[in-house]
Amino acid sequence: MNATQLIDAYVADVAKRLPRRQRADVAAELRTILLDELGDRTRPEDAHQVIDAFGRPAEAAARYRSPLVLLDPADSRAFLRWSLIGMAVIWALGVADGFANPTPNPAATWWLGVAIPSLWWPGVLFAAFALGAYTRRKWPERARWKPSAADTGHLNRGWHAAALVFYIGGTIALVALPWLRYDPVFHAQRGPWVLALLIAHLVVYAAAIAAGRWNTLTRRLDIALNLLVGGVLVWAMAAGALFTERWVDDMVKFIVIVILLVTAADVVQKLRRELRQHSANVSST
Amino acid sequence: MELELRRGVIVLAVLSQLDTFRYGYELRQALAEQGMAIEEGTLYPLLRRLENQGALISDWRTDGGSPRRYYTLSDDGRAQYARLARSWRELTATMDKLLEGEL
């Protein structure tokens, strides 16, 4: 290729990355600019030198357009952190599943069945961050920083009473619905523990609603019961089947794992708040 | 750091040289001769963006050679240039004082 052909090829590469309406115009201008920069020189190396100064076609094309930022630079670290944490959890659960259900080639099963599909997580996270960035740019007033509401422990009785009724209904359904066929061993040995702790948790919740606020005792009981219920559920799932039908058992276990992960994050937050409160009380006395 | 410092004044430097119609390469040469060398990959797209923002107007002309796109300040561009030049003078006066430790 001679110098002019190189420039023409470069211009074509840049132009195809531009919006159709400005493609021909920018291409014509870019070509004259590159030829001006080339001047009297005719060697292909000279053309390469001129082109190199403009950068890769994608970079050159990007400079002709308004910058497009999908993920705010300020969010990059949070995105990376949550991507890694989420993938680590998915991978660890995959390893645990590999131990529970051994296959002839566990590494390949894990890689193809867990590691590669786990990329959905950073994808979903990216979409969420990009949506957040878009809404902040679109409605900057709504994105203004606001201090978080002071935690007085106050409960909205109406909402929480409705939630309590829902939870009680769910618990009764778990016990009474005739088409839920529990595994006999679970029903006889582990099920009663799970049910007892669920009822205890509902009692604490009802007490907090009756008082209209969380106090130190109900808050700590709530944390302790969350930990206990979590521990017992992990034990109940690890010890064997919960339901007789395999697909029901798998589905329920998956749902319980998701609930446990959300609850774990909630408990960590509540524990940190309790510890903060405790150290504030200690330093003030 | 020096690169970032220079990046902030490129727009003002470009506007200062476009009182009359000039094409990209000619403008780059004029700026370079006066000590303000700007990379080609930065300058030419900047001219386009300034035109899109209404600060410049452009026209394809031949002037005896190959057709080239010539740029000059629009009315809005002139007003913006006057504002930016005033801000620049205030800024340099403040910086002079800061650098001499008088402030």
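The values are calculated or read from the model by the stated rules, or taken from the named source; none is laboratory data. Remember, it's a predicted structure, so these values are computed and weren't measured experimentally. For neighbour counting, all protein chains shown are included, and Cβ atoms are generated from backbone atoms with ideal geometry for every residue, glycine included. Heads up: the accessible areas ignore ligands, DNA and RNA and are worked out on the full protein's heavy atoms, side chains in. Shrake-Rupley method; radii C 1.70, N 1.55, O 1.52, S 1.80 Å.
See the values below:
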| item | result |
| --- | --- |
| Qualifying position, being without any contact (Cβ under 8 Å) to a residue 60 or more places away in the chain, away from chain A (no Cβ under 12 Å), open to solvent by 70 Å² or more (accessible area, probe 1.4 Å) and closer than 30 Å to A:Arg21 by Cβ, among B:Arg6, B:Arg83, B:Arg78 | B:Arg78 |
| From the options B:Ala32, B:Ala13, residue that is modelled with pLDDT of 90 or more and either open to solvent by less than 40 Å² (accessible area, probe 1.4 Å) or of a type outside the set (A, V, I, L, M) (or both) | B:Ala13 |
| So B:Glu90, is it within 29 Å of A:Ala27 (Cα to Cα), part of a helix (DSSP H, G or I) and open to solvent by 30 Å² or more (accessible area, probe 1.4 Å) | no |
| The range A:258-273, residues that are within 19 Å of A:Val232 (Cβ to Cβ) and in contact (Cβ under 8 Å) with a residue 12 or more places away in the chain | A:Leu260, A:Leu261, A:Thr263, A:Ala264, A:Asp266, A:Val267, A:Lys270, A:Leu271 |
| Options A:Ile255, A:Ile199, A:Ile259; residue that is part of a helix (DSSP H, G or I) and modelled with pLDDT of 90 or more | A:Ile199 |
| Residue match in the range A:212-221 (condition: free of Cβ contacts under 8 Å to residues at least 60 places away in the same chain and touching a Phe, Trp or Tyr at 6+ places or on another chain (Cβ under 7 Å)) | no |
| Where A:Val248 falls short, out of the listed (1) open to solvent by less than 40 Å² (accessible area, probe 1.4 Å); (2) among the aliphatic types (A, V, I, L, M); (3) part of a helix (DSSP H, G or I); (4) touching a helix residue (DSSP H, G or I) at 6+ places or on another chain (Cβ under 6 Å) | (4) |
| Restricting the range B:20-46 to residues that are more than 21 Å from A:Val14 (Cα to Cα) and in contact (Cβ under 8 Å) with a residue 40 or more places away in the chain, the residue that is farthest from the other protein chains (Cβ to nearest Cβ) | B:Thr20 |
| The range A:23-65, subset among the charged types (D, E, K, R) and facing chain B (nearest Cβ under 9 Å), residue most open to solvent (accessible area, probe 1.4 Å) | A:Arg65 |
| One residue from A:Leu34, A:Leu70 being under 30 Å from A:Lys138 (Cβ atoms), touching a residue at least 12 places away in the same chain (Cβ under 8 Å) and not acidic (Asp, Glu) | A:Leu70 |
| Cβ pairs under 8 Å, 6+ apart, first in the range B:51-75 and away from every other protein chain (no Cβ under 14 Å), second open to solvent by 50 Å² or more (accessible area, probe 1.4 Å) and assigned to a loop (DSSP other than H, G, I, E, B) | B:Thr72/B:Asp19; B:Thr72/B:Thr20; B:Thr72/B:Phe21; B:Leu73/B:Asp19 |
| Total residues in the range A:216-241, condition under 26 Å from the mean Cα position of the chain (by Cα) and of a type in the set (D, E, K, R) | 1 |
| Any hit, the range A:122-140, residues being more than 21 Å from A:Asp72 (Cβ to Cβ), in contact with a Gly (Cβ under 8 Å, 6 or more places away or on another chain), of a type outside the set (S, T, N, Q) and open to solvent by less than 70 Å² (accessible area, probe 1.4 Å) | no |
| Breaking point among (1) away from chain B (no Cβ under 14 Å); (2) in contact (Cβ under 8 Å) with a residue 12 or more places away in the chain; (3) part of a helix (DSSP H, G or I); (4) open to solvent by 50 Å² or more (accessible area, probe 1.4 Å), for A:Thr4 | (1) |
| Condition check for B:Leu12: touching a residue at least 40 places away in the same chain (Cβ under 8 Å) and either under 14 Å from B:Tyr81 (Cα atoms) or in a loop (DSSP other than H, G, I, E, B) (or both) | yes |
| Residue check, A:Trp179 open to solvent by 40 Å² or more (accessible area, probe 1.4 Å), among the aromatic types (Phe, Trp, Tyr) and part of a helix (DSSP H, G or I) | no |
| Selection from the range A:251-285 of residues that are touching a helix residue (DSSP H, G or I) at 6+ places or on another chain (Cβ under 8 Å) and among the basic types (Lys, Arg) | A:Lys253, A:Lys270 |
